[in-house]
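Only the coordinates and a few stated rules stand behind these numbers; no lab work does. Everything quoted here is computed from the prediction, not taken from an experiment. Note that we place each Cβ from the backbone using ideal geometry, even for glycine, and neighbour counts take in every protein chain shown.
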Amino acid sequence: VRYVSTRGGLADASFADVLLEGLAPDGGLVVPATYPSIEPMLGSLVEADYPEVAFNVLKLFIDDMTDAEIRAIVNDTYRPGVFSGEGVVPVERLGDRWLVGLSTGPTLAFKDIAMQLLGRLFDFELSRQDRRITVLGATSGDTGSAAEQAMVGRSRVSVVMLSPYGKMSPFQAAQMYSIDEPNIVNLAVEGVFDECQDIVKAINADAEFKVKNNIGAVNSINWGRVLAQIVYYVWAWLRVGAETETEVDIAVPTGNFGNVFAGWVAKQMGVPIRRLVVACNENNVLDEFFKTGRYAIRSTGDVVPTSSPSMDIAKASNFERFIFDLLDRDATATEAIFAGLTPAMPLEIDTSLLTDVGFVSGTSTEVDRMATIGSVYADFGRLIDTHTADGWHVASQYIDEAVPMVCLETALPAKFSASIERATGVVPPRPEGFEGIEDRQQHFTVIPATSSAVRGHIEALNGTA
Ligand SMILES: *Cc1c(COP(=O)(O)O)cnc(C)c1O
């Protein structure tokens with residue numbers, strides 16, 4: 001397929017054209033011009049392993065790589081040395097539902113599934129173009145470590161990652177700061193996550209600086225990340241729904257709407273998904289939207305810090321992709337909405353547009369999270385993390401005996417052990433290799449929350465001052 005922008009300012013781009021970028025040049029988001037169908041192929045994939053399913057999905061979206069090139073990359077990504085889960089993405093039955101284990105990669109969160117693929121695709125594309133890039137990003141925790149782990153040792157990529165100094169869990173901070181590699185630069189910003197994000201946006205708005213320093217992006221709006229995530233929706237159906245030829249419902253702990261948007265694409269491609277359950281924590285702008293048609297983004301100061309921090313968002317950065325589809329891909333209407341969206345000017349759509357799209361939603365609070373972690377442990381002896389618990393809790397409101405419910409495990413409990421211990425009295429076991437990670441030597445530079453400080457570090461790294 002070819003790629004376009006949700007705001008109409010990009011025409012007929014190839015996968016290679018959009019892979020290394022964040023926003024489209026017109027400020028919109030990159031989407032495929034059409035969604036290819038996977039329906040005719042589903043039956044033949046029942047016996048396939050995860051890399052084979054990944055190959056067949058990716059092939060539909062990538063015109064400018066050969067089959068052998070795509071195959072080599074997925075085989076190198078989705079293998080036991082990278083993902084420790086049985087069969088890469090294990091699917092287990094727990095009582096009245098299924099749990100899909102997306103978090104057995106190097107940083108113990110589902111972001112590895114996409115980031116590990118992206119690292120290898122970047123390498124391939126940069127070698128082909130004989131280019132280098134500097135990936136500039138901001139993280140509140142999981143994205144930064146997943147991106148850094150994916151780029152370690154890649155000679156054509158450097159990573160400059162901004163994180164809020166002292167605001168991440170000790171485990172998350174150690175995951176990033178213990179990396180000691182010449183191409184990984186950790187900048188610990190004296191500020192909050194939103195200030196980190198604003199600095200990244202400001203630098204990305206400076207076209208001259210961007211070109212001179214070859215700035216690229218791996219944030220959640222990168223199309224390659226969405227693409228990698230489509231695969232496990234197909235996989236989940238093959239494991240849960242294929243044998244009985246039933247539709248499934250899939251519950252997704254949601255922040256920036258990247259993960260669940262991949263589920264929406266899978267559904268458009270003909271994967272038998274009946275409903276996608278959008279599970280929010282206290283930062284529930286999306287639950288409000290799916291219930292009322294009103295999308296009222298919040299000011300960053302109104303974000304509630306929770307124990308499922310990767311879902312603490314004021315505004316869901318991938319949501320524009322869904323609205324574009326909902327408005328029958330009307331780029332003018334999409335641009336009119338998103339270019340002017342502010343906390344004071346919410347988007348309101350007629351709820352009749354939402355009746356048949358297959359989304360339902362709910363909110364999970366601190367009390368719900370703790371109770372859910374406790375009850376899943378009591379019932380099944382299985383520890384789940386805080387984000388997965390939000391998904392599980394909201395899924396409980398939509399259980400239907402006729403349609404299997406699938407929940408996505410988006411992080412392992414070891415990442416958020418204080419909350420898990422609070423809920424169950426049990427300290428979650430650490431996977432091999434993470435023992436004593438907090439005691440390792442750390443490598444980061446504390447900087448003020450200014451874009452000039454960040455620019456200075458990028459120029460020093462690239463010798464472009
Ligand atoms: C990033 C993240 C989420 C939210 O995913 P989105 O794609 O932003 O909706 C949920 N859980 C965990 C553990 C995450 O790291």
- Item | Convex hull of the stretch 350-408 built on C-alpha atoms - directionally averaged projected area, nm² | 5.1 nm²
- Message: Kirkwood Rh over alpha-carbon pairs of the stretch 59-102, then Stokes-Einstein at 10 °C and 1.306 mPa s: what D in µm² s⁻¹, rounded to an integer?
- Response: 127 µm²/s
- What is the mean projected area of the alpha carbon convex hull for the stretch 1-106, to one decimal in square nanometres? 8.9 nm²
- Note on the structure: One would report the Cα pair-distance distribution of the stretch 102-172, bin width 5 Å, in %, as 3, 17, 26, 23, 17, 9, 4, 1
- Task: Please compute the net charge surrounding SER103, taking Lys and Arg as +1 and Asp and Glu as -1 over other residues with Cβ under 14 Å from its Cβ.
- Result: -2
- Query: Mean residue ellipticity at 222 nm from the helices of the chain, using -39,500 (n - 2.57) per DSSP H segment of n ≥ 4 over the full residue count, to the nearest 500 deg cm²/dmol?
  - Reply: -12000 deg cm²/dmol
- Message: Let's test this: bin the Cα-Cα distances of the stretch 184-246 at 5 Å from zero up to the farthest pair and state each bin's percent.
- Response: 4, 12, 14, 16, 14, 10, 8, 7, 7, 6, 3, 0
- Message: Taking the alpha-carbon distance from LYS167 and a cut-off under 19 Å, which lysines remain once sequence neighbours fewer than 8 residues away in the same chain are dropped?
- Response: LYS415
- Item | Cα-Cα P(r), the stretch 261-336, percent of pairs per 5 Å interval | 3, 14, 20, 24, 19, 13, 6, 2, 0
- Query: Over the chain, what is the percentage of antiparallel beta bridges among all DSSP beta bridges, to the nearest 5?
  - Reply: 25 percent
- What are the radius of gyration and Dmax of the stretch 334-465, computed over its Cα atoms and given in Å? 22.1, 63
- Spherically averaged projected area in nm², based on the convex hull that wraps the Cα atoms of the chain: 20.3 nm²
- Dimensionless Rg over Rh [the stretch 60-200; C-alpha; Kirkwood]: 1.01
- For the peptides 220-230, 442-452, 153-163, 118-128, what is the packing order when you average, over each peptide's residues, the other Cβ atoms within 10 Å and list the highest mean first? 220-230, 153-163, 118-128, 442-452
